[in-house]
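This report refers to the structure that appears directly beneath it.
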Amino acid sequence: MLCRGKTGGETAMHGLVNRSIQRFVSDTYGTAQWHTVTRLAGLDFTEFEAMLEYQQTHTPALLDAIATTLNRSRASVMEDIGTYLVTHPDFEAVRRLLRFGGVDFVDFLHSLDDMRDRARLAVPELGLPALELHAHPDQTYSLQCYSDIKGYGHVMMGVMRVMADDYGALALFDHTGQHNGAEVVSITLVAVDFAEGRSFELGRVTG
């Protein structure tokens, strides 16, 4: 997920973000495509270290380069990144962190306001963008996403689509643009118990 930090008074991007983007491209499209992306983005290296910080300009350059390389819109690429982060087996910890948000999809939605703080429990220096959920009549919601990286709302759409399936809920999502400095995602909850959700246990069974 896209975030930012501060180093020496300059805006920086946590390496975990760019490393996740690297993994998305390499796992989905292959290492050769990733090398093409880094060249197009103007980088003179191909490997990001998860725990280092990088210039914030690297991230939008990478996202634009991915969209150009794949001949797709940046919005669709970012939604796919959100999907990848909660479906790939190597990122199971992300899905588990999100599932701690509640017993059903409505609880999960309301927990998004606190996701930033929960992420810091795992990686203290990781500063995720702020999220604000607003509930409206007729089981509709709007999620305001505050990020310096354009398109973060699409990342959250990918995340929420997967989590709705995970909980067995049927929901519709629509990116409705900018409002008061935030990207807004409209959420229509059609059914909380539309299908059987994916099993989840708070603790892992060992031995």
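The values are calculated or read from the model by the stated rules, or taken from the named source; none is laboratory data. Quick caveat: nothing in here was measured; it's all calculated off a predicted structure. Cβ atoms come from the backbone with ideal geometry, glycine included; neighbour counts cover every protein chain shown.
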Among the residues of the stretch 132-155, what is the count of those that are within 11 Å of LEU109 (Cα to Cα) and either in contact with a Gly (Cβ under 6 Å, 6 or more places away or on another chain) or among the hydrophobic types (A, V, I, L, M, F, W, C) (or both)?
3
When residues of the stretch 89-117 are filtered for being of a type in the set (Lys, Arg) and in contact with a strand residue (DSSP E or B) (Cβ under 9 Å, 6 or more places away or on another chain), how many remain?
1
List pairs: first in the stretch 149-168 and in contact (Cβ under 8 Å) with a residue 12 or more places away in the chain and assigned by TED's automatic domain parsing to the domain that holds ALA75, second in a helix (DSSP H, G or I) and crowded, with 23+ Cβ neighbours inside 10 Å, Cβ under 6 Å, 6+ apart or cross-chain?
none
Might you let me know whether the stretch 54-61 holds any residue that is modelled with pLDDT of 90 or more, among the hydrophobic types (A, V, I, L, M, F, W, C) and either in contact with an Asp or Glu (Cβ under 7 Å, 6 or more places away or on another chain) or part of a loop (DSSP other than H, G, I, E, B) (or both)?
no
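Of all helices (runs of 4 or more DSSP H) completely enclosed by the stretch 87-195, which ones contain at least 1 residues that are out of contact with any Lys or Arg (no Cβ under 9 Å at 6 or more places or on another chain), at pLDDT below 95 and surrounded by fewer than 19 Cβ atoms within 10 Å (Cβ to Cβ)? Steps first, answer last, please.
Numbers: elements: 92-99, 105-111, 115-122, 152-167.
Result: 92-99, 105-111, 115-122.
Of all residues in the stretch 17-53, which are within 19 Å of GLU92 (Cβ to Cβ) and in a loop (DSSP other than H, G, I, E, B)?
As a first pass, look at the stretch 17-53 and keep what is within 19 Å of GLU92 (Cβ to Cβ): 17, 19-24, 26-28, 50.
Listed by number, the list holds a single entry, ALA50.
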